[in-house]
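Q: Just passing along the structure, written as structure tokens.
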Amino acid sequence: MKFPLLLLLSFLSLALSHAGKEYTEEDISNLRQKWASEHPFGGISTFAHLPHVHCLTSPHEGFDIAILGAPFDTAVTYRPGARFGPRAIRAASARQSESRGFNVRAGINPYLSDVKLLDCGDIPISPFDNELALRQMTEAYKELMSRSTPSGRRPIIVTLGGDHSIALAALRGVNSVYGPVSVVHFDAHIDTWHPTKYTSSWPTLQSTFTHGSMFYLAYNESLLLPTSNIHAGLRSRLSGADMSDYADDDAQGWARISTDDIDDIGVAGIVKRILEHVGNNKVYLSIDIDVLDPGTAPGTGTPEAGGWTTRELIRIIRGIEGLDVVGVDVVEVAPAYDWAESTALAASQVVFEVLSSLAKKAGAALRVEAEARDEL
Ligand SMILES: *[C@@H]1O[C@H](CO)[C@@H](O)[C@H](O)[C@H]1NC(C)=O
Ligand SMILES: [Mn+2]
């Protein structure tokens, strides 16, 4: 009997040695002490080093605000390449982090607040079939918008585009929870173009879905509140020999602030017009990086000379921080045409400013709820 027992013991000790060293809580805490911190240039690239969760497949992981990539660019009218936007914006956000995230302009560190932020990764979107792509994006947004935050509210999704057409799917998602909303749209272009404004002798249903027509389609699907939408930063050429594009835009319920208006009414005047126009409505905030001057942000699909500086855009975004924003996109970053990450850097700063506003508002709402609970 002795021999088999010895054999058994030696097998056991072999098995234990494979299990490796035993760690105490103290060992683990020592390891954390030594290795947990990340340099800005290190680590796997998520937005601002936020934790990454594949949210679409993790329904039990609650979050208040999510970064979501929409790497899609097969609905563009000029330069493709925005499918690489989410990666580029994440990489350019590397110097943002919990430990260096206090926003002096906003007076908050969005990464050190009560509000739970995640990087939800990217939606897998077909690059071969735009009908399927739109269906995939729509389902993804509806799925994520149906989730609940840790305090039982609806989450806010901040999308990194992708070309601008992704906004149609995001608006469908927002609509599935809130019904029609106001859109505050920063862009050099109106993007309310009727699909027939893109001349083609080969009309198909699918070719009506583009990054210049998605707000027309959103209007057509009644996703927008009538007369409560506003563009800011417009300066592109229009179709034909008259203002009929603007007449169409009027008919779809939009007001317009041009790029040049900043010289006449300043940042404060622009902020005032946006706030007066949308008031207390729920707002979808859509920021096409081509609203910036291509000298600042060359890495984009349809650049238009003579735009705003990043500083001007940031000051406008800070000015409208009180809006009731329920969804956001920052789109049209196409890094192949970028210089020294400047477009991606501008986009990552814009996202930071937006996250600061969102975290400030959501944090205040959480505190009000907590106080109400304490009084019970
Ligand atoms: C939307 O487009 C369809 C097809 O062109 C049209 O029949 C319908 O009247 C449009 N709806 C609105 C609200 O414009
Ligand atoms: Mn656009």
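The values are calculated or read from the model by the stated rules, or taken from the named source; none is laboratory data. The structure displayed is predicted, hence computed values, not measured ones. Positions of Cβ are backbone-derived with ideal geometry, glycine not excepted, and every protein chain shown enters the neighbour counts.
Q: So which of Thr210, Thr227 is within 16 Å of ligand 1 (Cβ to nearest atom), touching a residue at least 12 places away in the same chain (Cβ under 8 Å) and at positive phi?
A: Just one listed residue meets the conditions, Thr227.
Q: With the structure loaded, tell me whether Arg318 is loosely packed, with under 14 Cβ neighbours inside 10 Å and charged (D, E, K, R) or whether it fails that test.
A: no
Q: Considering (1) within 16 Å of ligand 2 (Cβ to nearest atom); (2) touching a residue at least 24 places away in the same chain (Cβ under 8 Å), say which one Pro294 fails and leave the rest.
A: Unmet condition: (2).
Q: Continuing with this model, one more query. Could you say whether any residue in the range 186-207 is within 13 Å of ligand 2 (Cβ to nearest atom) and either modelled with pLDDT under 95 or over 20 Å from the mean Cα position of the chain (by Cα) (or both)?
A: yes
Q: Now for a separate question. Surrounded by fewer than 24 Cβ atoms within 10 Å (Cβ to Cβ), under 23 Å from the mean Cα position of the chain (by Cα) and more than 16 Å from ligand 1 (Cβ to nearest atom): is that true of Ser165 in this structure?
A: The answer is no for Ser165.
Q: Could you identify the single residue in Gly240, Gly322, Gly299, Gly306 that is more than 16 Å from ligand 1 (Cβ to nearest atom), in contact (Cβ under 8 Å) with a residue 40 or more places away in the chain and on the phi > 0 side of the Ramachandran plot?
A: Unique residue meeting the criteria: Gly306.
Q: Inspect all residues belonging to the range 202-210 and state whether any of them is in contact with a strand residue (DSSP E or B) (Cβ under 8 Å, 6 or more places away or on another chain), of a type in the set (Phe, Trp, Tyr) and under 23 Å from Leu68 (Cβ atoms).
A: no
Q: Let me ask something additional. Those residues that are surrounded by fewer than 20 Cβ atoms within 10 Å (Cβ to Cβ) and among the charged types (D, E, K, R), I need them from the range 302-311; list them, please.
A: Arg311
For every residue, the table says whether it meets (1) closer than 26 Å to Glu369 by Cα; (2) in a strand (DSSP E or B); (3) without any contact (Cβ under 8 Å) to a residue 24 or more places away in the chain.
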{"residue": "Ser126", "(1), (2), (3)": "no, no, yes"}
{"residue": "Ala133", "(1), (2), (3)": "no, no, no"}
{"residue": "Ala140", "(1), (2), (3)": "no, no, no"}
{"residue": "Leu160", "(1), (2), (3)": "no, yes, no"}
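Q: For a quick check of your reading of the model, give me the residue pairs whose first member lies in the range 364-375 and is at pLDDT below 90, whose second is surrounded by 10 or more Cβ atoms within 10 Å (Cβ to Cβ), with beta-carbon atoms closer than 8 Å and at least 6 apart or on different chains.
A: Ala365/Arg153; Leu366/Asp114; Leu366/Val115; Leu366/Ser151; Arg367/Asp114; Glu369/Ser151
Q: If you go through the range 142-158, how many residues are out of contact with any Lys or Arg (no Cβ under 9 Å at 6 or more places or on another chain), at pLDDT 95 or above and outside any strand (DSSP E or B)?
A: Adding up the residues that qualify gives 2.
Q: Please verify whether the range 260-280 includes one or more residues that are more than 16 Å from ligand 1 (Cβ to nearest atom), under 17 Å from the mean Cα position of the chain (by Cα) and of a type outside the set (Ser, Thr, Tyr).
A: No, there is no match, as no residue in the range 260-280 is more than 16 Å from ligand 1 (Cβ to nearest atom), under 17 Å from the mean Cα position of the chain (by Cα) and of a type outside the set (Ser, Thr, Tyr).
Q: Oh, and also: Which condition from (1) within 16 Å of ligand 2 (Cβ to nearest atom); (2) surrounded by 14 or more Cβ atoms within 10 Å (Cβ to Cβ) is the one that Arg237 breaks?
A: (2)
Q: Still on this structure: Which one is farthest from ligand 1 (Cβ to nearest atom), of the residues in the range 170-194 that are in a loop (DSSP other than H, G, I, E, B) and touching a residue at least 60 places away in the same chain (Cβ under 8 Å)?
A: Here the answer is Ala188.
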